[in-house]
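The values are calculated or read from the model by the stated rules, or taken from the named source; none is laboratory data. Not measured: the values here are computed from a predicted model. So basically every Cβ, Gly included, is an ideal-geometry build from the backbone, and we count neighbours across all protein chains shown.
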Amino acid sequence: MVSRTIQSFRLETSLTEKQKLKAAILGYNRDDVMATRRLEVWIRQLFS
């Protein structure tokens with residue numbers, strides 16, 4: 001999903017569409033970071 005979105009972002013000429021694609025990419029990355037952080041907290045709690 002993200003690689004296609006990034007490719008679309010690179011090829012897009014419309015500024016409005018580019019902004020939408022950028023928001024989608026950043027949203028996906030934000031979700032991934034938050035999930036990784038929750039996993040880290042959970043694992044640390046198991047071993048503390």
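Of the numbered criteria (1) surrounded by 10 or more Cβ atoms within 10 Å (Cβ to Cβ); (2) not β-branched (V, I, T); (3) not in a helix (DSSP H, G or I), the one G27 fails is (3). Put simply, of Q7, Q19 the only residue that is at pLDDT below 95 and out of contact with any His (no Cβ under 6 Å at 6 or more places or on another chain) is Q7.
Contact annotation: residue pairs with Cβ atoms under 6 Å, 6 or more positions apart or on different chains, pairing a residue in the stretch 19-34 that is in contact (Cβ under 8 Å) with a residue 12 or more places away in the chain with a partner that is in a helix (DSSP H, G or I) and among the polar types (S, T, N, Q), are L21/T5; L21/S8; A24/T5; I25/T5.
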